[in-house]
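Colleague: Handing you a structure now.
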Amino acid sequence: MTFNHSLHPSASVALHLSAIAEKIDEVAARAGVSSSDRLDLETALRALPWRDRRRLGLILEGARMSASSEALRTAVDLIVRLASDTWVRTPPPGPERKRQDASGTRLTSIQS
């Protein structure tokens with residue numbers, strides 16, 4: 001069986017995925033995400049506040065637009081899909097607010 005060398009090798013995609021994951025860890029650290037919330041990529045993505053999710057989305061879109069190889073474009077696409085799926089399922093963390101009914105009784109603690 002012959003392999004078409006014009007296709008991106010999975011090792012190259014994996015290398016790009018690793019570099020992107022490191023960048024996401026840096027973004028999360030700068031956003032104040034604790035190291036325990038950065039143990040894996042999906043957890044780090046979930047822990048990002050809205051503003052930093054938006055910033056990361058712009059970084060990834062810029063990387064996709066300027067990708068010089070198919071392997072990098074594929075890696076960015078995979079991360080964008082993972083981030084999108086994660087963020088759809090998990091609202092961004094925010095400061096806790098207390099929701100009260102009209103009488104002033106606290107009903108529940110909610111995230112904004």
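Taken together, the values in this text are just the output of simple stated rules run on the coordinates, not laboratory data. As the structure is a prediction and not an experimental result, all values here were calculated from the model. In this analysis, Cβ positions are derived from the backbone assuming ideal geometry, glycine residues included, and neighbour counts consider all displayed protein chains.
Colleague: So GLY94 fits all but one of (1) part of a helix (DSSP H, G or I); (2) out of contact with any Leu (no Cβ under 9 Å at 6 or more places or on another chain); (3) surrounded by fewer than 17 Cβ atoms within 10 Å (Cβ to Cβ); what number is the exception?
Modeller: (1)
Colleague: Another one. Can you pull out the residues in the range 8-26 that are surrounded by 15 or more Cβ atoms within 10 Å (Cβ to Cβ) and either in contact with a strand residue (DSSP E or B) (Cβ under 8 Å, 6 or more places away or on another chain) or of a type in the set (Asp, Glu) (or both)?
Modeller: Within the range 8-26, ASP25 is the sole residue that qualifies.
Colleague: A further question follows. Are there any pairs with C-beta distances below 6 angstrom linking a residue in the range 33-59 that is touching a residue at least 40 places away in the same chain (Cβ under 8 Å) and among the charged types (D, E, K, R) to a residue that is assigned to a helix (DSSP H, G or I) and surrounded by 14 or more Cβ atoms within 10 Å (Cβ to Cβ), with the two at least 6 apart or on different chains, and if so which?
Modeller: GLU42/THR86; ARG46/THR86
Colleague: A further question on this structure: Please specify each residue of the range 59-82 satisfying the condition of being surrounded by fewer than 13 Cβ atoms within 10 Å (Cβ to Cβ) and over 19 Å from ARG46 (Cβ atoms).
Modeller: At the first step, the residues of the range 59-82 found to be surrounded by fewer than 13 Cβ atoms within 10 Å (Cβ to Cβ) are 61-62, 65-66, 68-69, 81.
Within the range 59-82, GLU61, GLY62, MET65, SER66, SER68, SER69 qualify.
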